[in-house]
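Got a structure for you, written out below as structure tokens; questions coming shortly.
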Amino acid sequence: MALKQGDHAAQRDLAATIGIEGATLTHHLNHMEADGLVRRHRVAGDRRNQVVALTSAGEALFASLLGAVVAFDQQLSDGFTGRELASARALLARLRANTGAS
């Protein structure tokens, strides 16, 4: 989702957004790139910065998985009110903040 939203194309921003270490993300991106799901390129003038984008195969896989994700999210939230879900999100955000994660 972070790649699809387009605000987090830089590899380091992507790692921060999804809450994992850069080295862990690199490991996953290496596999995804080998499978033809993403492509990476260096930013001109900044060799340390890479931009990540979904390939057409990555876009197709995303589209095929989206329905399953939406269905699972609906299953998880079944029986909860909007207020209860908002409360749970707020509590989880506080727990995350307490760990120092961004």
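Where a number appears in this text, it was derived from the coordinates with a stated rule and is not lab data. Computed from a predicted structure; not experimentally measured. With ideal geometry, Cβ positions are generated from the backbone for all residues, glycine too; neighbour counts draw on all protein chains shown.
Around H41, with a cut-off of 14 angstrom between Cβ atoms, what is the net charge of the other residues, counting Lys and Arg +1 and Asp and Glu -1?
Numbers: positive: R39, R40, R42, R47, R48; negative: E33, D46.
For residues surrounding H41, the net value is +3.
Which angle from 0 to 90°, rounded to the nearest 10, does the C-alpha axis of helix 82-99 make with the longest principal axis of the chain?
50
A follow-up question, please. Under the rule of -39500 (n - 2.57) per DSSP H run of 4 or more residues, summed and divided by the residues of the chain, what mean residue ellipticity at 222 nm is obtained, to the nearest 500 deg cm²/dmol?
Rounded to the nearest 500, it is -20000 deg cm²/dmol.
Helix 22-34 versus the longest principal axis of the chain: what is the Cα-based angle in degrees, 0 to 90, to the nearest 10?
The answer is roughly 70 degrees.
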